[in-house]
Amino acid sequence: MAIRITLVLNLLCLTVISVNAFGRPGGLSRTKPATPEIQRLVNSVRGQIISKLPLGYDREQYLRLTAHSYKEQVVSGTNYFIKIQTGPMRYIHARIYKPLFGLTSVHSVQLQKSLLDPIRYF
């Protein structure tokens with residue numbers, strides 16, 4: 001019985017934290033400026049991001065990937081929706097999944113974004 005109560009309280013606390021941080025469980029957070037941690041995340045999956053770009057997207061040259069801003073979604077791990085600058089006035093949006101345990105992976109990339117394009121779920 002005590003274990004069941006503890007589990008229920010833990011789940012309730014997790015829900016309250018999720019609601020306070022993200023508005024609703026599973027929802028996207030507000031847009032935040034990229035941090036050094038987010039840039040490290042982008043750097044760690046650089047090869048995966050580049051492999052999702054079409055062949056004509058300057059893949060032969062060194063491509064700068066600078067995290068600009070992001071939103072996050074807590075699921076069974078965390079989805080990061082990151083606006084990444086790839087050149088002067090050139091941006092992409094990348095969805096990166098970081099599980100609680102295991103390897104981080106790039107889910108998808110959206111091209112032809114601008115600084116003013118809002119980050120949305122994709």
Neighbour-limited loop hits for trypsin sites (Lys or Arg not before Pro), the range 67-122 (at most 11 other Cβ within 10 Å; DSSP other than H, G, I, E, B):
ARG120
With every protein chain in place, the accessible area of LEU115 for a 1.4 Å probe, in Å² rounded to the nearest 10, comes to 80
For the range 32-115, state what percent of all Cα-Cα pairs lands in each successive 10 Å bin, counting from 0 Å until the bin that includes the largest distance.
18, 56, 23, 3
In nm, the gap between the two label points placed 7 Å beyond Cα toward Cβ at ILE50 and THR66 is 1.9
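The values are calculated or read from the model by the stated rules, or taken from the named source; none is laboratory data. Just so we're clear, the structure is a prediction, and the values are computed from it rather than from any experiment. With ideal geometry, Cβ positions are generated from the backbone for all residues, glycine too; neighbour counts draw on all protein chains shown. With ligands, DNA and RNA removed, areas are computed over all heavy atoms of the protein, side chains included. Shrake-Rupley method; radii C 1.70, N 1.55, O 1.52, S 1.80 Å.
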